[in-house]
């Protein structure tokens, strides 16, 4: 009985730790996708000029990023859904909405100029997210394991 | 539905159900629709002869329609837009009216879009069957008519006929209207046909003949300045089928006479119905056959 309780407690704590850490992993994946999209979009402007939907379907982007893109570009869907994405702060949401509001609205040359700004932003946020994932993400996972062990000791 | 991704659902439904051929959207004006040979107005309950119940388009709606027609990627279609047109899925053609923007002598965009003319094609199979005995290869054929008489529909059917009769057919689809290729697939069943989409005709004739070895070439909307290249193309032993805007055979002959390119001229009209074949003439304008199916 005690062993079962320890296993449950340990498992729950580790799971909570990993769930908390996933916020940083998702953020890293999101901004990696954002950065990759900017690069691929830029390359596409000077080459085949595929539509945005085609670029999104061909690339291996994170689900959160594709959802953001579709919400921001569609006039039918409320951008309130963006606010449910927990790892994006208000500044991020503003930039992302502005980004998808501007791409696809003008000729290739203008798009290339607009893209430079957002590309720089995406790259900077990617570096920040990678750091956070490395520090806070791993710390959350370790804390989950440690708290689980402590609780197991208390139970025993 | 052809325009469900571009127009509001109610409008797209009416366009599809009533087989509308053309829609004219002008800012601040009621939407006009051409159904068969009859002009009427688009209202929320359907087509109507009354202007009072018609839907009036505002500037915002027009811009949205254009944006959606470009699949939310204006840069991918800007080249077409600055030439005053846009061809979208299923061969729907949209004429764009607005103010040209120039930058250092180059046209870069159209702004303040004030009207859109949406032309919806419908495939008419076997439209060319009755005239093919007169225009089948090796007769180089020019199809002539005023606008909206069915030249593109007929030349598409000619390409189909040629492909079905084992001719290797090259379609020079400069405005993506004949074969309407989307993602590498034509919207129409055109066997034995190779399609060069978006190519300038002169360039396409050159590379097409060298690389694709066609028996026949099909193209649309020939301009007077392209006739020297047409003559070169025909001189390579390829049979050419082309269309040209002209009100009558005499006008067309006056443009092509010096080049001795065409063996047959097919005259279309829309007085009684769209795509009405009136007559077939030889290269000198001598009448070969008339058709009266109204």
Answer yes or no: is there a residue in region A:112-133 that is surrounded by 15 or more Cβ atoms within 10 Å (Cβ to Cβ) and free of Cβ contacts under 8 Å to residues at least 24 places away in the same chain.
yes
Going through region A:97-111 one residue at a time, which ones are under 22 Å from residue A:64 (Cα atoms), surrounded by 13 or more Cβ atoms within 10 Å (Cβ to Cβ) and within 14 Å of another protein chain (Cβ to nearest Cβ)?
A:99, A:100, A:102, A:103, A:104
Kindly indicate the residue of region A:51-69 that is within 14 Å of chain B (Cβ to nearest Cβ) and loosely packed, with under 15 Cβ neighbours inside 10 Å and also farthest from residue A:101 (Cα to Cα) among those meeting that condition.
A:58
Would you mind listing the helices (runs of 4 or more DSSP H) fully within region B:68-171 where at least 2 residues are closer than 30 Å to residue B:283 by Cα and more than 14 Å from every other protein chain (Cβ to nearest Cβ)?
B:132-135, B:151-164
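With the condition being within 14 Å of residue A:35 (Cα to Cα), I'd like the helices (runs of 4 or more DSSP H) fully within region A:78-156 carrying at least 3 qualifying residues. Steps first, please.
Values: elements: A:90-102, A:108-132, A:138-155.
In region A:78-156, the matching helices (runs of 4 or more DSSP H) lie at A:90-102, A:108-132.
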Select from region B:57-67 the residues that are away from every other protein chain (no Cβ under 14 Å) and surrounded by 15 or more Cβ atoms within 10 Å (Cβ to Cβ) and write down the one among them that is nearest to residue B:111 (Cα to Cα).
B:62
Pick from region A:11-50, criterion within 12 Å of chain B (Cβ to nearest Cβ) and in contact (Cβ under 8 Å) with a residue 24 or more places away in the chain, ranking: surrounded by the fewest Cβ atoms within 10 Å (Cβ to Cβ):
A:46
Which of (1) buried (at least 17 other Cβ atoms within 10 Å of the Cβ); (2) more than 14 Å from chain A (Cβ to nearest Cβ); (3) within 24 Å of the chain's Cα centre (by Cα) is the odd one out, the single condition residue B:47 does not satisfy?
(3)
Name the residue, out of B:20, B:27, that is closer than 26 Å to residue B:147 by Cβ, in contact with a helix residue (DSSP H, G or I) (Cβ under 6 Å, 6 or more places away or on another chain) and surrounded by 14 or more Cβ atoms within 10 Å (Cβ to Cβ).
B:27
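Have a look at A:148, A:94 and point out the one that is more than 14 Å from every other protein chain (Cβ to nearest Cβ) and either within 30 Å of residue A:3 (Cβ to Cβ) or in contact with a strand residue (DSSP E or B) (Cβ under 8 Å, 6 or more places away or on another chain) (or both).
Details: A:94 fails: either within 30 Å of residue A:3 (Cβ to Cβ) or in contact with a strand residue (DSSP E or B) (Cβ under 8 Å, 6 or more places away or on another chain) (or both).
When all the criteria are applied, what remains is A:148.
Read-outs: derived from the displayed coordinates by stated rules, not from any lab. Here the structure is a predicted model, which is why all the values come from computation and not from measurement. No Cβ is skipped: glycine too gets one built from the backbone with ideal geometry, and neighbour counts run over all protein chains shown.
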